[in-house]
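Scroll down for the structure; my scribbles are underneath it.
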Amino acid sequence: MGVLHARKAIMISDDTTQQARQVDHEALRAFVGRKWNDEIVPALTDYIAVPAKSPAFDPDWARNGYIERVVTDAAQWAEQQPVRGLKLEVVRLPGRTPVIFFETAATRSGSVETIVLYGHLDKQPEFSGWRNDLGPWTPKLEDGKLYGRGGADDGYAIYASLTALAALDAQGVERPRCVGIIETCEESGSYDLLPYVDALRERLGKVGLVVCLDSGAGNYDQLWLTTSLRGLVAGDLEVQVLDEGIHSGGYGGITPSSFRIMRQLFERLEDASTGNLLPKGFHCGIPAERLREAEATARILGDDVWKKIPWACGQDGRQVLPTTTDPQEALLNSTWRPSLSVTGAAGLPSLADAGNVLRPRTAFKLSLRLPPLIDAAKAVADLKALLEFDPPYNAKVTFKPDQGAATGWSAPDLAPWLASALNGASQQHYGADCAYIGQGGTIPLMNVLKEGFPQSQFMVCGVLGPKSNAHGPNEFLHVPYAKKLTATVAEVIAAAP
Ligand SMILES: [Zn+2]
């Protein structure tokens, strides 16, 4: 016994040189494939059918019970997973959307850091334009694509994350401690999540790696690591000039149009001919490393960067044109520069109901994507001041920001172990190198975690490749890509210190 003890002690102290059990890539692929076919695709099919819209789009979410339903379903599945020592809890703070929190101790002795796995179960609203045989809440599997709202953004994340852990445990491959945070407020800007992060901070431990499966992919041929995200400010801009509608013939030359005043306000904000945002405070410098990445990504994707967009047929039968046809500029425009969209309107009758009336008001929902390094709170204040200052004709102009303004994120320098693990995993499961890409979308938690855990590394990846169309019609989850991504997550977790 004494000898055995001594030998054991030596093995442990000699941990770094001793060969830990290596991942059996083939067995990993088989395990992940089975899980997806037998359990995850059916679970996500059920999940898609539930209109679990984010609280911003379903203020009555608590009474409607859809969020509760998807949280309960996912938690029940998760609790049955063969992950060593898995503890799972649905955490509920009063008046806030619930969060699934799970944790599993390290299976590798001497491991001191924690891996945080992140995803969300709330969804964007329906939107229009779905193919006749498809719909947001009517799941359909076709050619390896699972259509419907939320499967790819981001219902699959908890399933993929726990499958990666279960696959490693099944092989006896050692790994660090892991915790999972699956929220239900992401599509509203995660305003409910921050109190949870505070409440759970002690239980997060020393975070060494964040794995976030809520991002995109440049193509379906290789692993894509997201290196930056844009921030987001949204809100309602309203211009009011009258107490009630009046005859446009009688008063058309006397009354300033609320729409024209809106145009004037827009001129403060953007160059109408190019769409460039005018305030300098909405721009940031682009780090040299990110410029090099965009150049490399442009070489991989070429004109697909803009050609994959569902352009309408324009004038003379020719396609509508992008702001730029240079792939690198197009990538930078959509990831490192601000852009403004009007995503909704009020005060405007439908075309069929439009009489010759001067409307009392025009209101737009503004959605301003911010470059990764711009502080969202400051941008909100700047935007409000810019729009409300000295209104034309002394009209009543108000900008009411939405809850959940989010600051963007730029990845910290990639640790050598992570770079090599990502590339090895991409080679192993996709047969191609890992590639790097900025994303124009927003994941509010990433900046929060970067600030809270400045030493942490980030694996931000996702299944939202070409035409997957998260937030729009015909959203799909590319199942073969998702299987490979699940396997790469397992490989990276196994390689983490
Ligand atoms: Zn998402």
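The values are calculated or read from the model by the stated rules, or taken from the named source; none is laboratory data. Model, not experiment: these values are computed from the prediction. Reconstructed Cβ throughout: ideal geometry from the backbone, glycine too, with neighbour counts over all protein chains shown.
Of all the residues in the stretch 194-226, those that are in contact with a Pro (Cβ under 9 Å, 6 or more places away or on another chain) and within 22 Å of Tyr430 (Cα to Cα) number 4. Is there any pair linking a residue in the stretch 218-243 that is closer than 21 Å to Val305 by Cβ to one that is in a loop (DSSP other than H, G, I, E, B) and hydroxyl-bearing (Ser, Thr, Tyr), with Cβ under 9 Å and at least six apart or on different chains, and which? That search, which allows pairs on different chains as well, returns Trp224/Ser215; Leu225/Ser215; Thr226/Ser215; Leu229/Ser215; Leu229/Thr442; Arg230/Thr442. Identification of helices (runs of 4 or more DSSP H) wholly contained in the stretch 27-146 with 2 or more residues that are modelled with pLDDT of 95 or more and within 22 Å of Gly462 (Cα to Cα) yields 41-48, 66-79. Residue count for the stretch 186-198 satisfying the condition of being more than 14 Å from the ligand (Cβ to nearest atom) and within 14 Å of Thr97 (Cβ to Cβ): 6. Taking first residues from the stretch 400-427 that are surrounded by 18 or more Cβ atoms within 10 Å (Cβ to Cβ) and partners that are of a type in the set (D, E, K, R) and at pLDDT below 95, the Cβ contacts under 8 Å between residues at least 6 apart in sequence or on separate chains come to Trp409/Lys450.
If I filter the stretch 199-225 down to residues being assigned to a strand (DSSP E or B) and within 12 Å of Met459 (Cβ to Cβ), which single residue comes out as farthest from the ligand (Cβ to nearest atom)? So that I can check it myself, show each step before the final result.
We begin by selecting, within the stretch 199-225, every residue assigned to a strand (DSSP E or B); these are 207-212, 216, 224-225.
With the extra rule that they be within 12 Å of Met459 (Cβ to Cβ), the set shrinks to 208-212, 224-225.
Working: Gly208: 24, Leu209: 20, Val210: 15, Val211: 14, Cys212: 10, Trp224: 15, Leu225: 17 Å.
It comes out as Gly208.
Scanning the stretch 432-484 for residues that are basic (Lys, Arg) and either within 16 Å of the ligand (Cβ to nearest atom) or out of contact with any Gly (no Cβ under 7 Å at 6 or more places or on another chain) (or both) yields Lys450, Lys467, Lys484. Asp353 meets all of the listed conditions (1) within 30 Å of Tyr251 (Cβ to Cβ); (2) of a type in the set (D, E, K, R); (3) touching a residue at least 40 places away in the same chain (Cβ under 8 Å) but one, namely (3).
Return yes or no: is Ala312 surrounded by 16 or more Cβ atoms within 10 Å (Cβ to Cβ), under 26 Å from Ala470 (Cβ atoms) and among the hydrophobic types (A, V, I, L, M, F, W, C)? It is false that Ala312 is surrounded by 16 or more Cβ atoms within 10 Å (Cβ to Cβ), under 26 Å from Ala470 (Cβ atoms) and among the hydrophobic types (A, V, I, L, M, F, W, C).
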